[in-house]
Amino acid sequence: MTTYADYTTGEPVADTKAPAGPVNERWDTRRFEAKLVNPANRRRKTVIVVGTGLAGGAAGATLAEQGYHVVQFCYQDSPRRAHSIAAQGGINAAKNYRNDGDSIHRLFYDTVKGGDFRSRESNVHRLAQISVEIIDQCVAQGVPFAREYGGLLDTRSFGGVQVSRTFYARGQTGQQLLLGAYQALSRQIAAGTVEMHPRTEMLDLVVVDGRARGIVARDLITGKIDTYYADAVVLASGGYGNVFYLSTNAMNSNATAIWRAHRRGAYFANPCFTQIHPTCIPRTGDHQSKLTLMSESLRNDGRIWVPKAAGDDRPPNRIPEDERDYYLERVYPSFGNLVPRDIASRAAKNVCDEGRGVGPGGQGVYLDFADAVERMGREAVEAKYGNLFDMYQRITDEDPYRVPMRIYPAVHYTMGGLWVDYDLQTTVPGLFAVGEANFSDHGANRLGASALMQGLADGYFVLPATINDYLARNPLDDQVDDGHPEVQEVLAETEDRLNLLLSVDGDRTPDSFHRELGEVMWEFCGMARTESGLRKALERIPQIREEFWRRIKVPGTGEEFNQSLEKANRIVDYLELAELMCLDALHRAESCGGHFREESQTPDGEAARRDDEFGYAAAWEFTGTGDAPTLHKEDLVFEYVHPTQRSYA
Amino acid sequence: MKLTLRVWRQRNADAEGAMSTYEVDGISQDMSFLEMLDTLNEELILTGEDPVAFDHDCREGICGACSLVINGDAHGPERTTTCQLHMRSFRDGDTIDIEPWRASAFPVVKDLVVDRSAFDRIIQAGGYITAPTGAAPEAHATPVPKPDADLAFEHAECIGCGACVAACPNGAAMLFTSAKVNHLNVLPQGAPERETRVLDMVGQMDAEGFGGCTLAGECATACPKGIPLFSITSMNKEWLRATRRAAKG
Amino acid sequence: MARTVWDSTVGKKTVMAVSGLVMLLYLVAHMIGNLKIFFGTEEFNHYAHWLRTVGEPFMHYEWTLWLIRVVLVVAVVAHAVSAYQLSRRDIRARPSKYVHRKKRADYATRTMRWGGVILGLFIVWHILDLTTGTVHPGGFESGKPYQNVVDTFSTWYGNAVYIAAVLALGLHIRHGFWSAAQTLGAGSRTRDRALKTTANVLALLLTIGFVAVPVGVMTGVVS
């Protein structure tokens, strides 16, 4: 009997859209080669956009400006609430306003290197090129970026980068950029070019004759399930960090749109690449429903430590200096507390595993500002970090000026996603994926302040240019309607699934399953992964899935506003996606970026990449629930940035 | 902690609603208010009762989804969003009243969930700068004086939660509308549409059935983001200016 | 433009603000005039007569007075109709109250509506009492306002009604003046304190100034 782990390797997959030639000319070439749709014909072409975050909102607005008829969906009550809104830090752009040596090439280089050589050079270079236009666009929309007294834009350096290229709007950059996109989208809604469906969740993809032709979606207020048809479908539904139950994602962020697309034929690439952010507020108990991130900038002045002795439960201020272990400063003397996210996260896990963690459950380390207060004075610390300290105090009821903060890593971003080519098209013709929903630009690790950049690049500039080519070359000559057998099948499957969820009438709540799955994923597919652990997870997940379908309890009916049903239906997909994440992590027997396999490390405990064996993006093809999927490798070629091993010691 | 909750239950928009009483036990001081409601809902599901519906998403105080009136206060006793309110603000044995935003422009969808699409339509009426993608000039072409940029930011912080409407004795949306008008009108990029923006947005605000402003100030007191009351004053000024200019033709 | 203003909630508030300020201006003059009662019958009656001859010879007898009266009636009507329509709208916008009621902080704001109604009724009584004499308690004599005033404030209810109304007026002005400044866009973060102080001082001065007359009669200073 073959198990899920016995995957087969299929034909390699390749990006056929990026033109050859110098990397800095590829985007121009591609835009020139792409066929255009006659402006007069555009309003007869419908594009569905799922999601209204940075990528989706920007794409919807821009496509509508170009003249297409856009039908857009979000599960929230308003397109203004997508989780891009929670991004704090900033957005990178190679403007070189500081004259500090930045350039498109340097941003390209930093991003490829930061991604630990698991991203595609063509895509990353394009991203760096477009970054410049994004800032112009957002300023024109009225995004209130921080400015200097001369009235020009302020920038800061972020995430250990040596140039100052991060534009920001206090700690709410994501909010301001999202509202910019939302307002652009609102203008199109008013103009009638975007038909907006809030509180409507995509439940499946309609594929007819091998092409994406529409979606099945549920009106979350009435419970009505409907089909929507289009000439192309764009998924901008975000990442899948909520597989872990606890993450910094919004409570309702989910993987259903991309997972259903995957089930209908879209390859899922690098699902195990998840980013774990080191500075989150630790959980306080089993009731914890989500985790809150605190800006990484805190590590610039805070010192991270734990007690030297395991089980030392004295209050932090009573632990004398020589009984404290400033472990990052000790192990990484040259970078100290500023080591990259993945290293800081793993080190925190290690000391906690040794029983030296602090706070409830021993899942936390101290981030101490006592020295900073002494050195800079309380006022200076307050000016720099006041709002973060306030937020921390509101959540924990502890005063970080007097008691060290407690922090712990948390799942934050998923680099993996639907496999897309240079045009952002998935392996299903007519289905595109933008933003965090695709896998394209960050490789195995995303740099700080690059998520906003990628979402907006995809939405404002890349997709609106590349989708023309598909629409122009592939005119549809038939009308699809609900009577079509392939549509009927999708509809029936969706209805059956929801009915089944409602009819099991078991004795466990949706959340209890989600929490259980999350614990398995965090334990075995979290910051450090091992073959045995991943095998254990691959054994556990199908068991949880089986139990889920036996014991789930969803009250109410499908014909009403039913948040338990929404939740349960999302968990159905997490229970399958989790399995693929573990398999991907198992098969990738190397460490790279956010993926750390304990078996693959250097003698001093650092991640050891194995480029010869794993210098590819892993694109998985679905073959059936619980059935071993097929792996398609996309070879990654590095012509400009040559792979080197990271070293922070 | 052990608490008595009196929660507004309403099956759907057309149904009659009423307060229902529930007891919850084992509530930790460290829980957020919504986690306390999660606890209640887990119990309700297991007993086969319909869990309490409420809007929530980011749970870090920025998306603006959460929207509960707690003991008569929009977002409860602290000046923050419901999701950032913690149970340590309450005492063991307390009775807590939980109600939805109440305003005729925000009809109840179910239980504590209301329809705030009127806000979206106010933005659609003019809460944007017409800057189609690709048409933008170089970002540094127009410097913005720092005080203006800061003022714009202060108003741009609005999260569109609707606490201002919920707290206003007249169900007015002046603070929400003025926050966006001021954010965009203070910037040079927003200048070309300055007059139409304020006239159209105020017109839409009235058309949605929000009440008028009596400057009671409850909105600014309830606003989790601290949008100041003078935001409304500035919008009035913009509106009068726009009306005069429109009259001149 | 008139249509735009009248059809908008912000516009109607502007109407209220402007009409309110017109009335406020009148009240300041009215109060100063009233205070002449402390300088004796002759001066007060002379002042009352002068009111009818202002502007002569350009204006005919009582023309100026009637002009002021017309302006005031327009202001009162505009103020009241706007207030009525806005209040109707406000109540419609918040049809169901919260089950958990809060004691609202600002006294003046809450009292604007019923304070306005009281003032409206008071104006009617005040005119019937001291202008037309219809409900005057003593023998009303046109042209002898000093005696008329003394007669009115020699009754307990005359004093009670008047003082109650003046107190309502004080509260009304206290919030109304500041509120009008906001409506007309004159407020700002830096100016807020000055505006609130001005509103308080105005309210206090007018209250004292108007209450002085009945108190004067009651204490026998004026008789």
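All of the numbers you see were taken from the coordinates with simple rules; none came from a lab. Computed from a prediction, not measured in an experiment: that's the story for all the values here. Every residue, glycine as well, gets a Cβ built from its backbone with ideal geometry; the counts of neighbours run over all protein chains shown.
Can you work out the FRET efficiency for the pair A:Thr557 and A:Glu599, with r the C-beta to C-beta distance and R0 = 35 Å, to the nearest 0.05?
Computed FRET efficiency for A:Thr557 and A:Glu599: 0.10.
How do B:Lys225, C:Lys97, C:Lys36 line up, fewest other C-beta atoms within 10 Å first?
C:Lys97, C:Lys36, B:Lys225
Taking the Cβ-Cβ separation of C:Trp66 and B:Gln29 as r and a Förster radius of 56 Å, what is the calculated FRET efficiency to the nearest 0.05?
0.20
Suppose every K and R has +1 on its Cβ and every D and E has -1 on its Cβ; what is the size of the dipole of segment B:152-249 about the Cα centre, in Debye to the nearest 20?
Result for segment B:152-249 is approximately 380 debye, rounded to the nearest 20.
Please enumerate, by chain and number, the aspartates and glutamates with C-alpha under 14 Å from the C-alpha of A:Lys633, excluding those fewer than 8 residues away in the same chain.
Within the straight-line cut-off, A:Lys633 pairs with A:Glu11, A:Asp15, A:Asp421, A:Asp584, A:Asp611, A:Asp612, A:Glu613, A:Glu621.
Under unit Cβ charges (Lys, Arg +1; Asp, Glu -1), what dipole magnitude, rounded to 20 debye, does chain C have relative to its Cα centre?
Approximately 1780 debye in magnitude.
Once you put a point 7 Å from the Cα of C:Leu35 and another 7 Å from the Cα of A:Asp371, both along the Cβ direction, what distance in nm separates them?
Label-label distance for C:Leu35 and A:Asp371, simple model: 7.1 nm.
Under 18 Å from a point placed 7 Å out from the Cα of A:Thr222 along the Cα-to-Cβ direction: which residues of segment A:559-590 have their backbone N that close?
Once the point is set 7 Å along Cα→Cβ of A:Thr222, A:559-563 turn out to lie under 18 Å by backbone N, inside segment A:559-590.
Of A:Lys35, A:Lys349, how do they rank once you tally other Cβ atoms within 10 Å and put the fewest first?
So the ranking, lowest neighbour count to highest, is A:Lys35, A:Lys349.
Per-residue mean of other chain beta-carbon atoms within 10 angstrom of the beta-carbon, peptide A:272-285?
Across the residues of A:272-285, the mean count of other-chain Cβ atoms within 10 Å is 1.
Hey, rough spin-label estimate for A:Glu321 and B:Glu193, points 7 angstrom out along Cα→Cβ, what's it come to in nanometres?
Using points 7 Å along Cα→Cβ, the separation is 5.9 nm.
Sort A:502-513, A:278-289, B:123-134 by packing, meaning the average of other beta carbons within 10 Å per residue, with the highest value first.
Packing order, densest peptide first, comes out as B:123-134, A:278-289, A:502-513.
Could you tell me the relative contact order of chain A? Use alpha-carbon pairs under 8 Å, at least six residues apart, and round to a whole percent.
21
Considering only DSSP beta bridges whose two residues both sit in the protein assembly as shown, what percent are antiparallel, to the nearest 5?
Expressed as a percentage, antiparallel bridges in the protein assembly as shown total about 70.
Could you work out [θ]222 nm for chain B from helices alone, using -39500 (n - 2.57) per DSSP H run of at least four and dividing by all its residues? Round to the nearest 500 deg cm²/dmol.
So the calculated ellipticity at 222 nm is -10500 deg cm²/dmol.
Taking the dipole about the Cα centre of segment A:492-620, with the C-beta of Lys and Arg at +1 and of Asp and Glu at -1, give me whichever of A:Leu565, A:Phe513, A:Leu575 is farthest to the positive side.
A:Phe513
Return P(r) of the protein assembly as shown (all Cα-Cα pairs; 10 Å bins starting at 0; whole %; ordered from short to long distances).
Answer for the protein assembly as shown: a P(r) of 2, 10, 18, 21, 19, 13, 7, 5, 4, 2, 1, 0 percent.
First select every other residue whose beta carbon is under 15 angstrom from the beta carbon of A:Gly89; then total the charges, Lys and Arg +1, Asp and Glu -1.
+4
As I understand it, the dipole of chain A uses +1 on the Cβ of Lys and Arg and -1 on the Cβ of Asp and Glu, about the Cα centre. Which of A:Asn317, A:Phe622, A:Leu498 lies farthest toward its positive end?
A:Asn317
With 31 Å as the limit, write out which pairs from B:Lys180/B:Lys248; A:Lys224/A:Lys536; A:Lys113/B:Lys225 have Cα-Cα distances beyond it, or answer none.
Long pairs (Cα-Cα over 31 Å): A:Lys224/A:Lys536; A:Lys113/B:Lys225.
Sort B:Val113, C:Val73 by Cβ crowding within 10 Å, fewest neighbours at the top.
Listing B:Val113, C:Val73 from fewest to most nearby Cβ atoms yields C:Val73, B:Val113.
I'd like to know which of A:Ser237, C:Val22, A:Ser122 lies farthest towards the positive end of the charge dipole of the protein assembly as shown, counting +1 on Cβ of Lys and Arg and -1 on Cβ of Asp and Glu.
Farthest towards the positive end: C:Val22.
R0 = 41 Å: FRET efficiency of B:Arg241 with A:Arg378, Cβ-based, nearest 0.05?
Step by step, r from the Cβ atoms, then E = 0.40.
Report, in deg cm²/dmol and to the nearest 500, the calculated mean residue ellipticity at 222 nm for chain A, where each DSSP H run with n ≥ 4 adds -39500 (n - 2.57) and the sum is divided by the residue count.
Mean residue ellipticity at 222 nm (helix-derived): -11000 deg cm²/dmol.
Considering only the other residues whose Cβ falls under 13 Å of the Cβ of C:Tyr157, what net charge follows from Lys and Arg at +1 and Asp and Glu at -1?
It works out to a net charge of -2.
Within a Cβ distance under 10 Å of A:Pro555, other residues only, what is the Lys/Arg minus Asp/Glu net charge?
-2
Could you check the spin-label model distance between B:Ala141 and C:Trp125? Points 7 Å from the Cα along Cα→Cβ, value in nm.
About 6.8 nm separates the two model spin labels.
How many partner chain Cβ atoms sit within 10 Å of a residue's Cβ in peptide A:5-17, on average, as a whole number?
0
Return the average number of partner chain Cβ atoms within 10 angstrom of each residue Cβ along peptide C:5-12.
6
Could you check which residue among B:Ser231, B:Ser104, B:Ser178 shows the biggest mean-square fluctuation in a GNM of chain B with a 10 Å Cα cutoff?
Evaluated over chain B, the most mobile residue of the options is B:Ser104.
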